[in-house]
Structures are given as structure tokens and as C-alpha cells.
Protein chains: 4
Amino acid sequence: MVKAGVLGATGSVGQRFILLLAEHPEFEIHALGASSRSAGKAYKDAVTWKQTALLPEVARGIKVEECKPEGKFAECDVVFSGLDSDYAGEIEKAFVNAGKAVISNAKNYRREPEVPLVVPIVNPEHLSVVEKKVADAEKAGQQKPGFLVCISNCSTAGLVAPLKPLVEKYGPIDALTTTTLQAISGAGFSPGVSGIDVLDNIVPYIGGEEEKMEWETRKILGHPNSDNTAFELLDHDKMKVSAQCNRVAVSDGHTECISFRFANRPAPSVEDIKKTMKEYVCDASKLGCPSAPKQTIHVLEEQDRPQPRLDRDRDAGYGVSVGRVREDPVLDFKMVVLSHNTVIGAAGAGILIAEILKAKNVI
Amino acid sequence: MVKAGVLGATGSVGQRFILLLAEHPEFEIHALGASSRSAGKAYKDAVTWKQTALLPEVARGIKVEECKPEGKFAECDVVFSGLDSDYAGEIEKAFVNAGKAVISNAKNYRREPEVPLVVPIVNPEHLSVVEKKVADAEKAGQQKPGFLVCISNCSTAGLVAPLKPLVEKYGPIDALTTTTLQAISGAGFSPGVSGIDVLDNIVPYIGGEEEKMEWETRKILGHPNSDNTAFELLDHDKMKVSAQCNRVAVSDGHTECISFRFANRPAPSVEDIKKTMKEYVCDASKLGCPSAPKQTIHVLEEQDRPQPRLDRDRDAGYGVSVGRVREDPVLDFKMVVLSHNTVIGAAGAGILIAEILKAKNVI
Amino acid sequence: MVKAGVLGATGSVGQRFILLLAEHPEFEIHALGASSRSAGKAYKDAVTWKQTALLPEVARGIKVEECKPEGKFAECDVVFSGLDSDYAGEIEKAFVNAGKAVISNAKNYRREPEVPLVVPIVNPEHLSVVEKKVADAEKAGQQKPGFLVCISNCSTAGLVAPLKPLVEKYGPIDALTTTTLQAISGAGFSPGVSGIDVLDNIVPYIGGEEEKMEWETRKILGHPNSDNTAFELLDHDKMKVSAQCNRVAVSDGHTECISFRFANRPAPSVEDIKKTMKEYVCDASKLGCPSAPKQTIHVLEEQDRPQPRLDRDRDAGYGVSVGRVREDPVLDFKMVVLSHNTVIGAAGAGILIAEILKAKNVI
Amino acid sequence: MVKAGVLGATGSVGQRFILLLAEHPEFEIHALGASSRSAGKAYKDAVTWKQTALLPEVARGIKVEECKPEGKFAECDVVFSGLDSDYAGEIEKAFVNAGKAVISNAKNYRREPEVPLVVPIVNPEHLSVVEKKVADAEKAGQQKPGFLVCISNCSTAGLVAPLKPLVEKYGPIDALTTTTLQAISGAGFSPGVSGIDVLDNIVPYIGGEEEKMEWETRKILGHPNSDNTAFELLDHDKMKVSAQCNRVAVSDGHTECISFRFANRPAPSVEDIKKTMKEYVCDASKLGCPSAPKQTIHVLEEQDRPQPRLDRDRDAGYGVSVGRVREDPVLDFKMVVLSHNTVIGAAGAGILIAEILKAKNVI
């Protein structure tokens, strides 16, 4: 079993990591880290558990440690970080410097050129940069080096998933718009989104979210450089992305109304792109990763789907649902995309990235 | 006082007409029409009243009639129709043929070339077609003719309001996209939207709504023909409109995330268009209509506004709020528009249209 | 495998029966019945599927039949009825007369003296009346007789579950009050509860619900008569029950704030009754029924639990959660009870009743 | 005009005080106090305004002061406190000691024997204690003394309103139970109730609320002592009160399902108590106070009312609605009470108390 540590274990993302690890066939929880206020306590006493599933038996008694690459953490094969961005910068750096494989949900290092920003059902090939780093060290007889992989922003994950097979088959998308209707779970729960803000209401603003979507999309759909050491973004002029983000009264599941245009003419047909999305099998599925979706993209034909309450749990949240695929009077196509923000958009993505790294013997 | 009748008086739109008329300084409720099942009953016994304001005293005892241009209806100066489209076609035609001025919320005749489709804070000049019809009859010594004016779809009203002053000043918009987050009150309440569809959920589809928005926008921002007898649509090639409509858990107030591009280059600046929207005074306000908004378009500077719960009641629902005006990476600008769907998007629009017609001595 | 039929298969309760049967280790779906409008169609074409789980593969292609004890239904070992009460009366009678074992969610026959009204984690001993009927026929060499078992009202199920072990141990409860906060799923979905009724709102009334709770409680906590052929209610004077029922914006899970007084003095302590509830093991669990809860009653110590979103899925909805057990200034004790209305309060109860009947060789 | 000050002016209760004062015919805003962080700023810059009505013009430019009985506050005739209980203790004492009339929404001094705890539509006669204090000082030729009046807890206000006329007419209530379904506005908004706690959920616990309701009810329905200097509670044995409090997804308006028993036999009839509640005219109405409700208690006959969204705004929130009055199998009667928690349960109550004091020349 791969020994896994969780940083920020008492927070909302940390709790999700623990739920997913507790029943994992390949990973086991080995270390849990939180603030010094929690350190020393049994996890069950340190956490305010707010999940619909019960606190897993296996985690209840684990003694929480401080977030340092020592003690139990020193023995971990992989470390998942659910840290707040206020703390993630320093702590994650210390873990990487200490030789740890860190998979982080924090935003701090996403824009670093040499750090892969990965949606595991979309661009696992970006992991080649860390594969190479590890392989180079091995060849040189050096100690296994630490590295960091960043999980994308939750709303970016849903956006790029159906676009990946389309870009592969039909070439670049030169204009892309998305209007999001985002769930409140993405904002955590202490306090997270205030009830009065989402009761009989919409908040048409999420701080920093639009910038993240517009930038991350171009990194994720871009490529490693020729010597496989860093990433080059798609040029903004070649792929214009515009996001409008809204917070709505949904617990889990981000809905996005997107439209896009291919650079190449003539554009494919609606039936073409539906077929291409349906047939897409992500690499994680090909590698047989335990959490990989059976169906990466569910293309729904009912005119009023996908809906978050009904469709967010497809493939345990690792599959993405697409519906209402149709021509767009302004760009080429418009459609509705639904993804599970706390699974493929956060903790679940981290787990699936680790499964891919394990399948490739990087961890 | 202008004698007003209401068709479909027991429905959700009819109830709103009654609320607005009950306290109106110029209009009085003279006739209430509903199905034969309700006819003969006192209004209070025929209606299942579901408004937050109490059933107005003045309406309680009125005897409901069938929807025929007879009896009390024959004495009305103006007739407001909140009929379902299943019934509106025949009944409204009968009223017009009987010489009545009918202002309808139904969709049936919106596409008729000679029928004005009016958002009263946007294109009251389209009423010139009925003004002319009435004036011509008067000149010819004929009896005052009946006519029909259609209220636009609720989500169209919010979309075109801020665009009107922009188009007037900066010329045509050649591409326009809107993603709507629509309130449930627009769907009535017997049964209206099912609770299970909007609890922890989004429904990314409203039957016929996208087509209405894409079509009505081009009629409302278009012009009467040269002899002032019918309307010509803006050509689709000159103004591409794309709508994506969603139903969300909001009681009143449609939020729309829109983006648009002007045909003329260079485009104005963000500050330009904010100033133009702020300074816009709709004709109804200039005419001193009692329900006209003091401020037609509220341009909000707070980064997280407009929000339906907080902003829908500006100017009693006759004003429209706009926020987050900013450049758009794909088209020229993007912004968030909020309008009150049952006021400026339905019954309230009908009342304000009638006030304009009265100010112009057409009724 | 036991061959199971479902009456009212396209409705909300019917869909739940199908979900539960599709993965059942002992039962298989053999016949699906619906209105003549649906009969003849494949189930997938007849149903508007509104569950969060996908329509099970095994049910998709089954041809829907009319609700008559013929054809495939004639071959069924047990028939689950999710019929509306408008139709249940006649149809269920026909099935019983044709020798079928019918387990019904409809209210029609709950008050029949000879029909068991069963919450399977509470009073499975009431099934002795049908056991006897079947055994008597067998002894007499007659054909296996049909019989009916009724599932209780959803809110009654949650109310009586924690009371059963208390009454067994401490004797009768002579006064019981409950104020319910009921989920909307109980009202089905075509149209079910209107969205406008539960958005930023409470409806303090559910037709017939309070009467059902006040009456059913006295049958369920009562006993079969001495010759095991019918049921005698607890006398109203000996057990006064008062219910106040509210519909709230919750999808699944009925919350009840209850208080009660024991007839015997002195009353037990808070710790006594918590212990008694914790230690209760329902007969279905003892019999090893596949759906029986591991823990029948979860007694929560956190001061703000149970909560429907977090706790409704304990033991897949077959377990009941109790919290805030404390002394009551007016009666003896007050506490909060949460039960899953569509599982232990409806379809799930039917399945578990059938499992018990199978374990006892009645079906 | 009476000069009014507001303590805690930037908080949710303070904002409500400002809204009510801004349009008041007798009071004017003279001083606004907040934390030292806000002091010195214009109110519009110090506040995050979260009301559905716009920030009143009259308050925008007022310079916020620290909460000390100096400067503008020294000139105030009455001071309304919306302070958090963390700060209210010291500050309110300082204001009273400085001779100010303070009306407070904080809980700190509610249990002080000499401090009136007042629901203005229920027990304004309790103000006699401060009337006497002021009159005694006047007689003795002393300076006008400061005093404090406490507003009750929001859910207590709704509970006692309909009981007052019943107790007056039929004598004491000896047992009273209430299960509340409370709105989120009562918890403020920074952060207030977390969205994830009320989306598809109920929280069956509000810290300290049940104790407040059980205690405050006995003070409010009690009486001043014989020399009119302090209050004596109703004895617990003579009036047993039991509360169960829940937080639900409602913005404004507390719903309570209550039941009660009179000490005297025979009890009145349902029609008796409905008539008595309907005919009740509170003293504030008799005194002609501007905010006093036209109808103190609205007794609704529709079987599914009151509902918070439809009924909370009766008499601008100063009237209380009662429905479903019926016999209770356990106590004598049960019924549903709805009151507006931020009006008659908080800031509005403070304003109406001040109006009564003004009508009696105490301020």
C-alpha cells in the first residue's frame, strides 16, 4: 500500500481526501497534518466533521501532526495538500525540498512554469515533466527528488474536460466563453458561503475565479516544452477565453453554460462533436486506475439535462456530463457541462493524479 | 379614471395586474375575466391568492365574468391580458375585433408584423403604429379601432434595457450572448416549477425561452417600417443573438450574464458605456408616467452586484440594475443585468405601456 | 430469486422500488405495471426518470403491463404497490383476491382491522397475522391465500422507531407530541410540491398527515388480537398523540421534534433511554435480512444533530437517527428524530417487509 | 424630532434601526456608533450594506463615532443598541450611567430584575418601572436618570404575542410548548448562518435559544412588583414552557408550532380564543404610535397559513399572524404563529418601544 499523508486534514478539502483514501485499494492514510492548535489530538477530536458519510473508522484515532516533513510524514510516499493558500506556499515548498511527492489543491504554485497543472481526465501527459525529473535523478544515481503537482481550479476542470477530445480531433479552439453556476461546497464551510447570500439569491461574483479559469485553461490545454521541463501556455490571441462566474444555491456540482469556436473551417457538426466526446476514454481509464471513470464524458440527450442534483455523481463524481449540445449563433457550438467540484474539481482529482503516478511508477 | 379589465384574472400574471391596478392613480379595475368555472363568483372566492401583498379590498367583491368583450368588459378603456397562450389567441382576437385596446402578456401574437412588441422602458416608440391606426380612424371619422400591444418575454426585457441607450449612441451590436439565471415566479404557481427541480439544483432548460430571446431582441431593437404600419426585424446576420436559459432557486428577478460586440470600431470604453447607461432616461419617465422608474438603469460599482434578493425592487421593479461592466476577451464587453421578471418583464410592463398610451391620448 | 412485481412503476415510489430491487440479492424485477397509457412500452420509454441514480440496466427494456393480476404479474411471488390512492383500492384488492402477496405504500387499507400496518424496524411481529393466514391455508390444504401488508405513512415511521424499545422497556407512553419538518420528496414530483411554496418559505400544513400520524401510531404500537386475526388500536385515552406537520425545503429526510411522557412513575433517566435506544436491535437485523440496518437507532451526542443532509443516509436510509435527547419541562423527554422518508418511510420499508416475509417463508 | 443614536450601527440589527429611523415621522438619526475601526468614516464607507432597501440618503454621510456617551451621542434623546453581546455589557452600562435612555437588542441585561423586557405589542405596561424612575427623579428635582429597556429574543416575541390576550381573558397558561422554524436573518450576516447548513437541510439547534424562550416568556407574561421597581417571574411550576428551536432556509419570519393549556377549567372553545385574539388591540395602537400595527394579531382561516414568505410583512412586520387554531389532543390548543423576527422580534420592537415612551413623555 502507498503511504499517504494529508496536509490541512481538518479542512473541507482535507476531509474529502480522508474519505477517498479510507476506502482506497492502493493507498492508506499514514499521516494527518493540521495547525498547531490541532496537533497532538486524535483526528476525531480535532475535526468538525461535516461530510454526509461518517468519519471513517481508520482515521478517527490517528494523531494529528504539525505540517512538517518529519515524523509520520517523513515516511509518506505521497502527500495530498488541502491547505489554505495562506499556508500552502511555505509548507508545500518545505515538503518538496524534503523530497516528497506533493499533490496540491492550493492555488499558490499553479502558475509556476515547471509545475504541472493537471486535470487527471484531461492532461495526465503533463505529468511527463515530473516523470522525467524522477527518471533523470534515478539515472544520475541521485536520491528521488521531491516534486509538486497542482490540481486545477474546480470550475476549470469541468470546462476543459469535454474540450480535450475536441481539440485533439478538430484542432484549436480560438474563442471560448463560459458562464458558471457554482456550488457552495467549493467555498468550504467555516464559514464558507453565507446562507443569506444564496437563499433566494445569486451572487454574480467569485473572487479570482474568472481570472483562474481564463488562465488555467490555456495552461492545461497547452503542452510541455520540447525538453520536457516546463509548460508553455496557449497564446491568448490564439485562444481567447472569457468566464463569468456565479455562486448559486447548489451543494455540489458546478454547471457551466459554454460556447466555443474552432479555429479550423469548416467546423465539425453537432453529431460529430457529440460522438467524439462520447468516445473519449481518458488515459487514467486506459491505465486501469481504480478511480478512473468508466465513461469519461456522459453526453446526455434529454433536453433538460445535465442537472446537478441528478447528474453530479456519475462515475462517483469522476465523470463529466454534457448536455444540450447545439449550434451557437455567435460562435460554433454551445452546451451545458456539469462536473463534481469536490471530486474531479478538487480532492478526487488529487487521488486520481496519484493513481496515475503510481501506475507509472513515479510514486 | 381609465376603466381597466383583466383577462386571466385568477392566474399569476392576472393577480399581479390586480395588485398594480388597485393602487393606481389613473386606472381602476372595472372588469375581471376568467374561465367559465370562475365566472359568476366574487373574485375573492374564485382566486387562490398567492401574493405577498393582501388581496386588495377593491377587487375582493368584483364578480368574475367570462372572457368575452361584453358586459363590464364592453365598458373598459383598456384590457390587460394575463391569459395562458392556450386561450389567448381566440380571446384576444375577439376583444380587438370588438374595438378594445388590449395589452397582452401572452406570446401568441408577438411575431405578428403589425403588432408592437414593447418593453416600455426601451421601445415605446413602437407604439406609433397603433397611434397612427387610431389617428387614421379618427381622421376618417370611423369608430376607434381595437388594437393589440404585446409585452415581451420576461428575460428579453432585462436583456434589451441596457442595450437600448448603447445602440442609440454607439451604433449596432453585431453579436450578443446571454446566459440567464431565471426566477421561478415566471412559471406561475399552479403548479409552476416543481420544488424538487430547484432545490439544490439548476434546470438548464426553459422550453421556448432561448428562441424567444433570440427573436424578440431583433424585433424590439428594430424599427417600424416607413409607413408606420408594421415592424421589420433586425437582420440575423447583422445582429447575432445567442441565449442559454437556466431556471434557478430564486423567487423573483432574472439575472443575466451578457456579452456583446459593437459593429463599429473602435468600440467605446467601459467608462463610456457605464456613463451612457447611467444617463439614459426612458421616454416613460420623460412623459411623467406614474410607474416610470426614477432611474431607468442602475449601474452598480460593487463587485458582487446586482443580486436578485437585494436589487430586484429598485424603482418598484421598473428599473433595471447592471453591474460588473468590464471588457470581454471574446466580444467587447461583458456585464450582469438584473430585472424584475414579474414587473418590467410582465404585468408591470403592461401597466406602464398603458400609462404611455394614456399620456399620448391613445386610450 | 423471488419474483417481484411493481405496481405504479413509473411514479416516484415505483421508481424507488425499482432502484432497490435492481441490486437486490434475493429479489428480481419480474413485472412492471402502470396505467394503460404506459402499457406496452419499454419501461425506459414509459418513465420520466427523476432519480439521482441512473435507471438500472435491468429495468430499461422490461415491457410495462397494465396493473392486472395476469401475465407476468401472475408469476410474481410478491407485488409492491406504489399506486396513487385513487387507483390502489381496486387494483390491490384484485391482486389479493388473485392470491398475491401485496405490500403497499398506499393509504387505502391501512385502517382495515385485519391488515398489518408495518414499520419493519418496529413492529414486524404484526406480520404474524398473515403468517397465520398462510399457515392455516396450508394446513387446510388450500391454495396459498393472497394478503396485503401496508407500509406506514412516512412521518409515522420516524416517530415510532425510537419509541418502540422505550415502550418495551419502560411501559406505555401516555402523551406524545411531534412537530414535523418534512421533505418534499414525499409528495412525489409530477408536480409534487411547488417550488414557490418551499423557496424562502414553510408550508405549515400537509393534507391528512396529522390525522395519519395520530392514528397510525396507535395501531403500530398496538397488538394483534388474541386469535391473531386482526389488530386492536391503543386506546386514545391511554396514548394521546398530537402532530403538527410542516413542509420544508429539504429533498429527503423528515425531521421531527418530539416530546413524550411515560405512564409509569418514576420515569427513567435521559441516560437510561439513550442506552435503551442505542442497544435496540430490530428483528429484521436479527433475522439477517439484507437491507436491515446494522444500527437500528443512532443516538447522536453532537448538540446540533441529526441534520437531514448529513444524517439521512445512515444504514442506507434504514437506520433512524436521534439527537438532543433531554428532559422536557412539560412532558418527560424531548428529542429530535430523523428518518429517511423514501427509504424507511416508503419503498425501502416495503422491501424490508418482504425480506422479513421471505425469512419466515411466507413468500 | 426626537434625536436618536444607534450603537452597533454597521451590524445587521443596526442597519435595520437605520432603515426604520430614516423614514420615521418622530425620530431622526443623530449619532451612529461602531467599533474604533469604523469611527471617523462616513457611514456609507464604514458599512457593508446588505439590506433590500437602499442605504438611506440621510445616513450615508453621517460620521461614525465610537460607542461612548459623548459627542453627538451626548445630545441624543434615545439610544438604540444593536451591539453584539460581547460589547453590549460595558457600553450600555456607560450610556445608562451617563443618563441616557437605552433600548437594547442585546441579551446581556434581560434577566436583570429591574430592567423591563418588553415586546411592545404585548407588555408595554412593564415600562411603568422606568416611567416611575423618571417621574421620581423629576419629583425629587434630580436630573433625568438613564435607564435601559431590553427587547426580547426574536422567537419569544412571536410566542407571547397571541398568548397575551388569552391570558388576560382566560387566566394563566400552565403548560406551553413551541417548536420553532427560525429564519436565518436573526443570525446576522458576517458570516451568519452558513449556506451549507441550510441548503437542503435543517439545523435542530440554536445556541441558548431554548433557554431564552423558556425564561423570557415567564418574565414578559409576569408583572412588576408592588412598588413598581422590579419584575417577578411567573413561577416555573405555574407555567411550564418547553421550546425546541430549529434553523431553516427562510430569510425572514419565524414560524412556531405551539400548543398550550389553560390552568382554569373548563377551557374556552376554539372559536372563543380566535375571537379574543382577533379583537386584541395592543396599547401601542391605542396610543396612536406611528409604527403600531393596525391589526395586532391576524387570525387566518386558510388551512395552510400563515406562511413566512406570504405573511411576514403584515402591518410592516409589526403584526403577528396566527393560523390553524385547533384543539390539541395533549394540551388544550395548538396553532401556528408567524412573526417577523427583525421587526417585532428586534429593531422594529425597539422603535415601537421608543414610540410608546415618547407617547408617555418618558423620552
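Residues in segment B:1-15 that are of a type outside the set (Gly, Ala, Ser), crowded, with 24+ Cβ neighbours inside 10 Å and closer than 21 Å to residue B:292 by Cβ: B:13 alone.
Scanning segment A:35-51 for residues that are touching a helix residue (DSSP H, G or I) at 6+ places or on another chain (Cβ under 6 Å) and not in a loop (DSSP other than H, G, I, E, B), which turns out farthest from the other protein chains (Cβ to nearest Cβ)?
We begin by selecting, within segment A:35-51, every residue touching a helix residue (DSSP H, G or I) at 6+ places or on another chain (Cβ under 6 Å); these are A:38, A:43-44, A:51.
Then drop every residue that is not not in a loop (DSSP other than H, G, I, E, B), which leaves A:43-44.
Values: A:43: 16, A:44: 12 Å.
By that ranking, first place goes to A:43.
Exactly one residue out of D:343, D:337 is within 21 Å of the chain's Cα centre (by Cα) and closer than 19 Å to residue C:198 by Cα, and it is D:337. Considering only residues in segment C:52-69 that are surrounded by fewer than 16 Cβ atoms within 10 Å (Cβ to Cβ) and within 14 Å of chain A (Cβ to nearest Cβ), the one that is modelled with the highest pLDDT turns out to be C:57.
Restricted to segment A:163-193, and to residues that are hydroxyl-bearing (Ser, Thr, Tyr) and surrounded by 23 or more Cβ atoms within 10 Å (Cβ to Cβ), which residue is nearest to the other protein chains (Cβ to nearest Cβ)? Steps first, answer last, please.
In the first step, residues of segment A:163-193 are kept if they are hydroxyl-bearing (Ser, Thr, Tyr); the result is A:170, A:177-180, A:185, A:190.
With the extra rule that they be surrounded by 23 or more Cβ atoms within 10 Å (Cβ to Cβ), the set shrinks to A:177-180, A:185.
Details: A:177: 5, A:178: 9, A:179: 4, A:180: 9, A:185: 7 Å.
Per the stated criteria, the residue is A:179.
Of all residues in segment C:114-127, exactly one satisfies the criterion of being surrounded by fewer than 16 Cβ atoms within 10 Å (Cβ to Cβ) and either closer than 19 Å to residue C:282 by Cβ or hydrophobic (A, V, I, L, M, F, W, C) (or both), namely C:125. For the condition free of Cβ contacts under 8 Å to residues at least 60 places away in the same chain, more than 18 Å from residue D:122 (Cα to Cα) and surrounded by fewer than 24 Cβ atoms within 10 Å (Cβ to Cβ), residue D:227 qualifies.
Only one entry of D:117, D:127, D:148, D:163 meets the criterion of being modelled with pLDDT of 95 or more and assigned by the TED database to the domain that holds residue D:322, and that entry is D:163.
Could you tell me whether segment A:306-317 includes any residue that is surrounded by 15 or more Cβ atoms within 10 Å (Cβ to Cβ), basic (Lys, Arg) and in contact with an Asp or Glu (Cβ under 9 Å, 6 or more places away or on another chain)?
Step one: list which residues in segment A:306-317 are surrounded by 15 or more Cβ atoms within 10 Å (Cβ to Cβ), which gives A:306-315, A:317.
Subset that is basic (Lys, Arg): A:309, A:312, A:314.
When the remaining residues are screened for being in contact with an Asp or Glu (Cβ under 9 Å, 6 or more places away or on another chain), the result is A:309, A:312.
For segment A:306-317, residues surrounded by 15 or more Cβ atoms within 10 Å (Cβ to Cβ), basic (Lys, Arg) and in contact with an Asp or Glu (Cβ under 9 Å, 6 or more places away or on another chain): present.
Quick check, is residue D:232 among the charged types (D, E, K, R) and under 19 Å from the mean Cα position of the chain (by Cα)? So residue D:232 does not fit the description; no. Among the helices (runs of 4 or more DSSP H) confined to segment D:248-363, the ones with at least 1 residues that are within 14 Å of chain C (Cβ to nearest Cβ) are located at D:308-311. When the test is whether a residue is surrounded by 21 or more Cβ atoms within 10 Å (Cβ to Cβ) and either not in a helix (DSSP H, G or I) or not assigned by the TED database to the domain that holds residue B:110 (or both), residue B:21 does not pass it. Take residue B:203 and decide whether it is in contact with a strand residue (DSSP E or B) (Cβ under 7 Å, 6 or more places away or on another chain) and at the interface with chain A (Cβ under 10 Å from one of its Cβ atoms). The answer is yes for residue B:203. So how many residues does segment B:231-240 have that are within 20 Å of residue B:129 (Cβ to Cβ), assigned to a loop (DSSP other than H, G, I, E, B) and touching a strand residue (DSSP E or B) at 6+ places or on another chain (Cβ under 7 Å)? Final tally of qualifying residues: 0.
Could you go through segment D:84-102 and let me know if any residue there is among the polar types (S, T, N, Q) and in contact with a Cys (Cβ under 6 Å, 6 or more places away or on another chain). Full working, then the answer.
Our first condition is that a residue be among the polar types (S, T, N, Q); within segment D:84-102, this holds for D:85, D:97.
Going one step further and asking which of them are in contact with a Cys (Cβ under 6 Å, 6 or more places away or on another chain), we end up with none.
Within segment D:84-102, not a single residue is among the polar types (S, T, N, Q) and in contact with a Cys (Cβ under 6 Å, 6 or more places away or on another chain).
Out of the residues in segment C:3-30 that are of a type in the set (A, V, I, L, M, F, W, C) and in contact with a Leu (Cβ under 8 Å, 6 or more places away or on another chain), which is farthest from residue C:49 (Cα to Cα)? It would help to see each step written out before you state the result.
Keep residues of segment C:3-30 that are of a type in the set (A, V, I, L, M, F, W, C), which gives C:4, C:6-7, C:9, C:13, C:17-22, C:27, C:29.
Adding the requirement that they be in contact with a Leu (Cβ under 8 Å, 6 or more places away or on another chain) leaves C:4, C:6-7, C:9, C:18, C:27, C:29.
Numbers: C:4: 20, C:6: 15, C:7: 16, C:9: 11, C:18: 11, C:27: 22, C:29: 17 Å.
Here the residue is C:27.
The values are calculated or read from the model by the stated rules, or taken from the named source; none is laboratory data. These numbers come from a predicted model, not from an experiment. Glycine also receives a Cβ, built like all others from the backbone with ideal geometry; neighbour counts cover every protein chain displayed.
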